[in-house]
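No lab work stands behind these numbers, since they all come straight from the coordinates. The shown structure was predicted, so the numbers you read here are calculated from the model rather than taken from an experiment. Cβ: placed from backbone, ideal geometry, glycine included. Neighbour counts: every protein chain shown.
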Amino acid sequence: MNIVFMGTPDFAVPILKALDERYNILALITQPDRKIGRKQTLQEPPTKRYAKSQNIPIFQPQKVAHIRAAILALKPDIIITAAFGQFLPTALITAPPYGAINVHASLLPDLRGGAPIQRAIERGYQKTGVTIMEMAQAMDAGAIIAQAKIDIAEDETNESLFEKLSHLGTKLLLETLPKYINQELIPHEQDHQKATYAYNIKRAEERLDLMRPAIDIERKIRAFYKEPATYIQLPDGPLKIFKAKWVKTDNKSAPSVVIDVTKDGPLIQCGQDGLVLLEVQPAGKARMSAKQYMNGKGKKTLAPGTKLG
């Protein structure tokens, strides 16, 4: 089996590795290197680092359509994608003998789009999963080949669920691929009327809205952990929030007011109930416990009675 694999983030690495151990990977197609952080350091995609270690040919087009001919010249039996981040031209979907299939981190048709893991946590889902699907021109709208479910823990973060779903997707793909090739599985169309969407995270979403119920805010903090992370705005800059817990309050204070400093950290009144900050990162500083922060600058910036912006 000759495979062209398309994928970019950590989620795709175990899938690529497992396929590489069993089949012939003709090439990896991944996103270009990106500048990250304050220092704008150029960083390679995780899949590229693995491919380099195994001498797998690598392509990094701005648009996969630009290298369509080069991919077809490799004569893949099938194209497999996982968190690639680009639409495939029709020729790449139809030309390989077994077409193109995708590993998607949700139970389609629910949570189509680029951020299904984050949105599942943010929206308070108790279950999610992975779907192996045939590629189509519409976003995540192809026929379903196989699915597997997983529970979402109460303290689940973006990071922990990414890892769980990556390994679940790898296992499901390895079980599914031989059966699909041998036509032992018949893909079925999605119920498009039931489709929901998990659009990519926008920068404006990273700022916490303290007018929201505390339970919603706590879910968002876990959904955006560690990257891109959420924050509240203080007079001296943003304070990133990596961990918090919501608690019942009967306080009559207006939302966004610091109403107490607990043994764990400051308690902020939200639109409903309160949020105790547990782990934070001040601008230009390292991550620390909220308790450490309150022993320093936090005494002033998050003192009881402070109204946050």
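Quick one: which residues, 5 or more positions from residue 148 or on another chain, have an amide H under 5 Å from its amide H? H modelled 1.01 Å from N in the peptide plane, none for Pro or chain starts.
130
With an 8 Å cut-off on Cα pairs and a minimum separation of 6 or more residues, tell me the relative contact order of the chain in percent.
It rounds to 13 percent for the chain.
Which value in nm describes the separation of the simple spin-label points at residue 251 and residue 182, placed 7 Å from the Cα toward the beta carbon?
6.2 nm
Applying a 10 Å radius around every beta-carbon, put 274-284, 109-119, 176-186 in order of their mean neighbour count, most first.
Per-residue mean Cβ counts within 10 Å order the peptides as 109-119, 274-284, 176-186.
Along the Cα→Cβ direction, 7 angstrom out, place labels at residue 202 and residue 44. What is the inter-label distance in nm?
3.5 nm
Express in nm, to one decimal, how much length is gained between residue 86 and residue 153 on full extension, taking 0.36 nm for each residue of separation and deducting their alpha carbon distance.
The residue 86-residue 153 span can extend by a further 21.1 nm.
With +1 on the Cβ of every Lys and Arg and -1 on the Cβ of every Asp and Glu, and nothing else charged, how large is the dipole of segment 1-103 about its Cα centre, in debye rounded to the nearest 20?
Charge dipole, segment 1-103, about its Cα centre: 420 debye, nearest 20.
Using the Cβ atoms and a cut-off under 13 Å, what net charge is assigned to the surroundings of residue 141, where Lys and Arg are +1 and Asp and Glu are -1?
Around residue 141, the charge tally is -3.
Restricting the count to DSSP beta bridges whose residues both fall in the chain, what percent are antiparallel, rounded to a multiple of 5?
Antiparallel: roughly 65 percent of the beta bridges in the chain.
How big is the charge dipole of segment 158-279 about its Cα centre, in debye rounded to the nearest 20, if each Lys and Arg gets +1 on its Cβ and each Asp and Glu gets -1 on its Cβ?
I would put it at about 140 debye.
Treating cross-link reach as a plain straight distance, find the aspartates and glutamates whose alpha-carbon is under 15 Å from the alpha-carbon of residue 263, omitting any fewer than eight places away in the same chain.
Hits, sequence-local ones excluded: 279.
Magnitude of the Cβ-charge dipole of segment 2-194, K/R +1 and D/E -1, about the Cα centre, nearest 20 debye?
Once rounded to the nearest 20, the dipole reads 720 debye.
Classify segment 10-116 from the C-alpha gyration tensor, please: rounded if a/c falls under 1.5, else prolate or oblate depending on whether a/b exceeds b/c.
rounded
What fraction, in whole percent, of alpha-carbon pairs in segment 2-194 exceed 24 Å separation?
So the portion of pairs separated by more than 24 Å is 37 percent.
Which residue, 138, 96, 162, has the largest displacement toward the positive end of the dipole of segment 78-162 when charges sit on each Cβ (Lys, Arg +1; Asp, Glu -1)?
Looking along the dipole axis, the top candidate is 96.
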